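Taking it in order: structure first as structure tokens, then the write-up.
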Amino acid sequence: MTYPHAVPDIAKHMLYDLMRIRLIEDRIRNLYAEQEMRCPTHFSVGQEAVAVGVCAHLKREELITSAHRSHAHYLAKGGDLKAMLAELYGKGTGCTAGKGGSMHLIDRSVGFLGAVPIVGSTIAIGVGTALSSVLQEAPLLTVIFFGDAATEAGVFHESLNIAALHKLPVVMVCENNLYSVLSPLSVRKPEGREIVQLAKGHGVFTGQADGNDADAVYALAGEAIAHARTGKGPTFIEFKTYRWYEHCGPLEDQHLGYRPHGELETWKARDPLKIYGDRLRERGIVSDADIALMTKTIDAEIDEAVTFAKASPFPTRNQLTAHIYAP
């Protein structure tokens with residue numbers, strides 16, 4: 001396995017992306033209370049290492065799909081922050097012209113094929129994209145991000161079977177944050193069965209790693225991506241991680257009582273951003289001054305993007321009726 005701290009430039013870039021996603025989502029959480037963003041939002045705070053560690057390997061033209069918790073994937077793949085924030089505000093300058101909101105981001109210019117909130121639905125879309133590229137004799141990697149609950153849908157097994165049968169260039173990335181809305185894994189699967197075992201049964205390359213350790217994510221993702229790129233067929237990788245806030249929305253939800261006492265605090269102690277920042281400091285790759293400069297740069301970018309989004313116009317009447325049907 002290759003770890004990014006062995007390549008300082010990659011490590012610094014990954015730390016920057018981790019910080020950027022965290023700071024952006026923290027700002028969105030604060031702005032949401034103003035009630036100018038009217039779309040539902042799902043935050044990836046606590047889960048950022050998965051998006052960053054996987055996307056650090058990807059080429060601009062390679063494709064990814066996402067689901068309802070899509071901000072981190074979009075930004076890690078190179079999505080435009082101004083366009084993302086404008087989309088959350090429902091503005092015409094948004095990446096979906098203000099008509100999709102947080103759960104329907106898309107930016108083909110950076111290979112972000114799209115996000116769809118229907119659980120498991122983008123698995124079939126991603127496999128279809130990979131199949132299309134093979135039929136056109138120009139195989140192109142597609143990475144499909146989804147949560148643990150998506151593996152409970154029939155489309156997951158059907159799609160993985162097709163991908164395995166045709167040896168498609170697909171990497172399925174399961175972000176296992178232990179919950180589907182308010183339901184823990186314990187009420188949704190037999191005791192002792194790991195999600196990765198479901199994929200292993202289809203005869204494909206599988207792997208499992210700590211989703212809060214950016215190095216571990218990067219290493220396993222590198223193996224899986226190399227396997228899929230070289231015509232050896234699809235891969236499935238599972239990363240165990242944890243979301244800090246409510247399933248949908250910017251608030252804490254401890255009062256709902258569905259998380260065991262102390263569980264959130266245990267996972268917060270394993271904050272992926274702190275783990276990675278501390279590691280790079282210890283290895284002399286970054287200093288406190290470097291991190292302070294990164295923070296200042298990111299804050300300035302966010303300020304500019306928020307100003308842009310708020311000042312942007314809403315979609316015109318013509319924009320509202322565009323893209324409903326294929327040309």
- Item | Enumeration of residues in segment 39-63 that are among the aliphatic types (A, V, I, L, M) and closer than 15 Å to residue 176 by Cα | 45, 49, 50, 51, 54
- Message: When you check residue 284 against the structure, is it under 21 Å from residue 54 (Cα atoms) and of a type in the set (Gly, Ala, Ser), yes or no?
- Response: no
- If the Cβ limit is 9 Å and pairs must be 6+ apart or interchain, which residue in segment 179-191 that is over 19 Å from residue 254 (Cα atoms) and part of a loop (DSSP other than H, G, I, E, B) pairs with which residue that is acidic (Asp, Glu) and open to solvent by 40 Å² or more (accessible area, probe 1.4 Å)? 188/152; 189/152
- Of all helices (runs of 4 or more DSSP H) fully inside segment 215-327, the set with 3 or more residues that are crowded, with 19+ Cβ neighbours inside 10 Å is 272-282, 288-311
- Query: So is residue 238 of a type outside the set (Gly, Ala, Ser), modelled with pLDDT of 95 or more and either touching a strand residue (DSSP E or B) at 6+ places or on another chain (Cβ under 7 Å) or closer than 30 Å to residue 137 by Cβ (or both) or not?
  - Reply: yes
- Of all residues making up segment 199-214, the number that are open to solvent by less than 50 Å² (accessible area, probe 1.4 Å) and part of a helix (DSSP H, G or I): 2
- Message: Every residue in segment 125-156 that is touching a residue at least 60 places away in the same chain (Cβ under 8 Å) and of a type in the set (S, T, N, Q), please.
- Response: 129, 142
- Going through (1) farther than 30 Å from residue 199 by Cα; (2) touching a residue at least 60 places away in the same chain (Cβ under 8 Å) one by one, residue 311 fails only at (2)
- Message: Please go through (1) in contact with a strand residue (DSSP E or B) (Cβ under 8 Å, 6 or more places away or on another chain); (2) open to solvent by 20 Å² or more (accessible area, probe 1.4 Å); (3) without any contact (Cβ under 8 Å) to a residue 60 or more places away in the chain; (4) not charged (D, E, K, R) for residue 196 and return the number of the only condition it doesn't satisfy.
- Response: (2)
- Item | Matching option when the condition is closer than 26 Å to residue 242 by Cα and surrounded by 23 or more Cβ atoms within 10 Å (Cβ to Cβ), among 86, 67 | 67
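The values are calculated or read from the model by the stated rules, or taken from the named source; none is laboratory data. If you're wondering where the values come from, they're calculated on a predicted model, not measured in any experiment. Glycine also receives a Cβ, built like all others from the backbone with ideal geometry; neighbour counts cover every protein chain displayed. For the accessible areas, the whole protein counts, side chains as well, though only heavy atoms, and no ligand, DNA or RNA atoms are used. Shrake-Rupley method; radii C 1.70, N 1.55, O 1.52, S 1.80 Å.
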